Every structure is written in C-alpha cells, then in structure tokens.
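Here is the structure we will look at.
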DNA sequence: GATGAATGAGCATTCATTCAT
DNA sequence: CATGAATGAATGCTCATTCAT
C-alpha cells in the first residue's frame, strides 16, 4: 500500500468513525449524508469519492464495528478461564458495543431492508458467526458442567436481546456506572445458563 | 353512539389495524401514508379525513396497542396466583404483543423523536405505567419470598429487553411454536428473579 | 317564485353573506370551502348543491356586493344636490363598502385570474359601470363649474385607489371613528377635483 | 468576497429577480416554487440550495425591493429642494416601484399572514420607516409653510393608497406614458397637502 | 336536500446522487 | 481530490370536487 492508498484508507476510516458517531446520535434512518459530511467538515459530495453510495458507507461502517467486536469475542473464547468467566466477559463486550455504537445491533433486525445483494450476505454471515461464538461458549460451559441450560439457542437470544436493549435506557448520567451495569447484567444473565 | 359514528369509529380502527400491519412489516420510519392507504385500498388523501396527520395516526396506532396490553397486565396483577405465575403470564403477554405488533416497543426508544407535545406525554405515561406494573410484580414476589433479586429495575430492563428482541427472530415457520417459545422465555427469565 | 324556490334563494343568500364574512376575515385566496361551510354550520359538500363550484360561489358573492353598491351610487347620482356633495357621498359609500367587504375591490385587480368566461365579463362590466358612474359625477361637476380637474380618469383612479387602501389599515379600535375617517377622506379627495 | 461567493450572491439575486417577476405576473399567493424555478430554467429542488424555504425566498425578495426604495426616499429627503418637490419626487418613486414590482405593497396588508417570526419584524420595521419618511416630508412642508394639511397621517394614507392602486390599471400599452402618469399623480396628490 | 366519505391533482420540502470545474 | 451546484424522485399534506346514501 503506497502513500496515496494509505491516505485514502485513513480518510475512509475517518469517515466511518464520524458516520458511526452521527448514527449513534441520530439513528441510521435519520442520518443523512449531509449530517455525516458536516461532522467531518466536508461536503456531502466528497463522501461519494470514498464510498459508492450511502448504503456502501453504512455497510462498511457496520462491517467495521462487527469485525472489531468479533475479534474481541474470538480472543475471549481462547482464553484459559472458566466458561462462566468467558460468558461474562462476552456479555460485557456486547454491552460495551451496544452502548458505544448505539445502532449497531438494530440492523440485525432486518439487514435485507437496509443492505442489498452481497452486503446482506456479509453482514448476515458476521451476525451468524457472532451468534455461533456465543453458542459455542454456552456449549463449552455445558460440556464442562458449568451450565445446564437446555434451550441453548433461545438462551442465547435472551442474553443478546436483553443486552441490546441497554442502548435504549443507558445514559452516562444515570444512577449506575457502565461498569456496575455490565457487572449486574453479566451476573443476572448467567443465571439463565446455570 | 349512533350508526354513523360507529361506522366512522370502525373505519378508524380499520385504518389503525392496517397501519399496524404495514408498520410491523416495514418499520414505522419506512411506512408512508401511501403504504397505509394502499393496504386499505384507499388513497392517501382519505386517511387525512380520519387523522389530522401522520403523527396522529401513528400515535393512536401505538396508543391503542399500549392500552390493550396494559389492560391485560392489570388483570394479571389482580389474579389470585403466585408472583411467579403472574410474572410468567406477564412475560407471555409481552412476548405475544412484541411478536404481533413488531414495532410497538421500538418507539419506547425515543418517543419524543416521533411524537410531539401532548402525544409524547401520553405515550411516556403509558410506558411508565407499563414498567411500573412489572416493577410491582417483582416487588410482590420479593415480599412473598418468591423472588430474591436485588437490582429490581435492571432485572426488569433485562426481562423486557430480552422479550422485545423476539420480534427480530421469531417466525411462524420456525422450529418452535409461539407457545413453546413463550414457555421457555418465561421459565428462563424467571431465573433472573429467583 | 314558489316556496321551494324562495327557500333556495334565501339559503343562497345566507351562503353568500357568510362567504363574504369569511372572505373579509381571511382574504379570498385563503378562504376554503370548508371555512365557508363551517361558518354556516354546514358541510362543504352541501355548498355544491347551491353553487356549481367555488368560482361560482365567489362570483355571486362579489356580484351581489357590487350590485348593491352600484344601486346606492345610482341613487346618489339622481339626488338633487351639488356635484361636490354627490362626490362626497359616493366616496363615503365606497369607503363603507371597502371597510365592510374588505376583499371586494381587490378582485378588481385581475378578475380574469379569479373568474372564468362569462363571469369575468359580468364582473368587468359592473366594475366599468362603477367607474363610469364616478366619471359622470366628475363630468357633471366640471360642467357645473364645481370641479376643474383635467385628467378626469386619472383623478377617478386616484380617488378610488386611495379609498380602497383604507381596508389595509382601518380598524374599529383605531383612533378615529369610521365617520370621521370618511369625512376627512371625502374632504381631502375632493381637493383633487377642484 | 471571493469569486465563488460572488457567483452565489449573483445567483441568489437572479433568483430574487425572477421570483419578483413571476410574483408580479401571478401574485405571490399564486406563485409556486415550480413557477419561480421554471422562469430560471431550473428545477424547484435547486431553489432550496439557495433559500431555506419559500417563505425565506419571499422575504428576501420583498426585503430587497423595500431596501432599495427606502434608500431612494432617504436621498430625496436630503436634497436641497422644496418640500413640494421632494414630495413629488417621493410619489414618483413610489409609483415607479408599485408599477415595476406589482405585488410589493400588497404584502403591507398583512405581513404576519405571510412571514413568520423575525421576518415579520424586519418587514414591519421597513414599512414603518417608509411611512415615517413620508410623514417627515409632510411635516417639513407644513413647517416651511408649503403644506397646510391637518390630518397628516390620513393624508399620507391617501397618497400611498392612491399610488398603490396604479398597479391595478397601469399598462405600458396604455394611453399615457409612465412619466405622464407620474406627473399627473404627483400634481394631483400634492393638492391634498396644500 | 344534506352529509359523510373518498378522490386526485397540486404544492412545499427533503435528500441521495451526479457531475463539471 | 474536493466542492458547489443541480437534479429528480419521494413524501406529507391541502383542498376543490364528486357521489352514494
């Protein structure tokens, strides 16, 4: 990658970061290209130099976040700790992502309504891998005798659903700190698996 | 209420029902007046005979559903059964609503972004009452010694969040029936309170 | 004219009167059929029983007022008083009409923009007769030696224009009474003719 | 102001000029954004690049004309000529504006029906200054002994009203030239003040 | 005769997208 | 590369008009 390419790549990342930020604030349905450009002190026309269209920008935006969080999850899976500890860590990471990137898991609802063609597939594949990782953690826990849940997939749905909902009510000014909340959520959701 | 008024009331309900349906399919941000009208084989102009504007239509749409589900919850609260049974019943009703009226609880996210003035207040008040009812069920359970959860509000958030998420993945063609799912959800979520 | 016809005629007049009222308040561009109907505690559909369409309603509305004021002017012309007195009386009547029927003379601006076909002709013919009557009063005054204005038509335009403008600023709560204003206007405008 | 800004400013002026033109022809109630755009061989969407909305476009349109004519009036006031000559010059300018910008003084009728918030204030303030300038000319004339009118404000109303009305009937193809008309109007209206 | 209901054309406005410079 | 400018499709809303009952 030469200098020019690196510069372009850097700019693309800047755009994605800003886009994520605006989307977190306004919701991705409400976010216009103008909004994203304004955040970067650019004009919206320029965005089209880096991304073919809005959908593509949104795609990379979400893809980037999903990739990042997936990496974190994979690392947790390989750590040498109990399944309970792994699951708690995974839940905390999920909560963290849901809070920071408010809208990210909302697109899981109907990716095909937002993305088209190949993009859907990539997103769906990542979301599937995401779910699969949680399922594996649960399965490991069962095999080790730590968990005893029967409906593994539904348990996973419950855990992720509960965690996603945090974006609706969490506020930095709230009664509890992010860390306290994450601790309680992790503890309570673990009960489901026991 | 005379015949004509009944007819109008009926028509309004028809519109609300159809609107709910379209909203469930497309999400309420994506639903246009045209969409709603088309579902009813009307023209969009006609909708304005019954509702002042889109926001009002959306408001009554949601208000109606919330009122219905609140009624059901209140009845449960007064039944002569254990707190665990009440909570399970409440969860099942919530799941049922979340499945049938896919978008309904999504507006809980930011009612003030969708509704204006008095409408926000009504919606917020209903949502508060909704939460309050769940909190009361939890408190009763604790007082009766059935539940022992400490962070009551967070537990409620977890339960409702988990249940809301069902709209994302439930399908009538899925592996499990709605009843089976409701049963599992109710059982698993109860663990959090124990 | 039998009873039924008389009833219809009466109703038509009621509508015209109410329409005039609403038009005075809101301006005829802003007045909707709904507004007119509401004033009469009718529904707008009913208006179409009496008038083919909005334009026709507006036409009769204006035609009625013009006819009335024309009658008054003709009577003044035939009175046995000086030309100055006649002109003063005519000005007062014009002012009176301009105040009461705020919008009436505004349609003189471009009747063909508002009315179509035959209606334009009738209105234009009445407006012409209206102008003609003023011109005759001026001519009489000149012949009697009371007036000495040279540009008769322009003088008439000035007089009527000045009087029309009263609708813009006259208010019953103002500093001067309608009668005082009419007196001053008549006196001052007479100077032009002298 | 660099080249680009000058170009934008020029375009804005072009739009305002075209808008004025269309408004003169159709009246500002009847003028649609489409009409204005068509006159400029643009699409209506483009207008929104230069003006926030229709009201703002209309505002600047009127504000520009009022500012221009106010400047001219102020200059006349400071000239070293008799009050009669000043008043005649002022009347001619007013007539000129009324003819060229047909609709401009019609908004004086009810600015608050057309403009909102700050815009009303600006317009009303300009209209007030406009009236004030005429009043001052009249007062000066009285002090110099040239005029002897008693009801100064009503005289001003009469003069401006008469002049406004010219837009209704003036046509370049008419019997008299614009200059002839202005001369006659100025002479005749002066009589009121004497 | 009167009304409730429905319609459709028209209008202001938004916004993703394009493109010449 | 970036931007200013323009476009056109979409959308909410209004309102004159129609018509069955």
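All of the numbers you see were taken from the coordinates with simple rules; none came from a lab. Only a predicted model underlies this, so the values are computations on that prediction, with no experimental measurement involved. All Cβ positions, glycine included, derive from the backbone under ideal geometry; neighbour counts span all protein chains shown.
Quick notes on this structure:
- On Cα atoms only, tilt of D:83-100 relative to the major axis of chain D in degrees: 30
- Gyration tensor (alpha-carbon) shape descriptor, the range D:54-193, a/c threshold 1.5: oblate
- Chain D: angle of helix D:118-143 to the longest principal axis, Cα-based, in degrees nearest 10: 20
- Across peptide D:142-155, the mean count of Cβ atoms from other chains lying within 10 Å of each residue's own Cβ comes to 2.
- Legend: mean number of C-beta atoms from other chains within 10 angstrom of residue C-beta atoms, peptide A:105-112, equals 3.
- Between the helical axis of B:152-164 and the longest alpha-carbon principal axis of chain B there is an angle of about 50 degrees.
- Estimated FRET transfer efficiency when R0 is 41 angstrom, pair residue C:135-residue B:44 (beta carbons, to 0.05): 0.15
- Inter-part distance where the range A:168-194 and the range C:171-194 are each reduced to a Cα centre, Å: 79
- The mean number of Cβ atoms from other chains found within 10 Å of a Cβ in peptide A:183-189 is 5, as a whole number.
- If R0 equals 45 Å, the separation of the Cβ atoms of residue B:110 and residue C:68 corresponds to a calculated FRET efficiency of about 0.15.
- Helices in chain D, meaning DSSP H runs of at least 4 residues, each add -39500 (n - 2.57). Divided by all residues, the mean residue ellipticity at 222 nm is -24000 deg cm²/dmol.
- Estimated FRET transfer efficiency (residue C:128, residue D:79; beta-carbon r; R0 60 Å; 0.05): 0.90
- Label-to-label distances for residue B:139 across copies, nearest first, come out at 4.5, 7.1, 9.4 nm, using points 7 Å from Cα in the beta-carbon direction.
- Percentage relative contact order, chain B, counting C-alpha pairs under 8 Å, at least six apart: 23
- Spatial separation of Cα centroids for the range B:29-52 and the range A:72-116, in angstrom: 39
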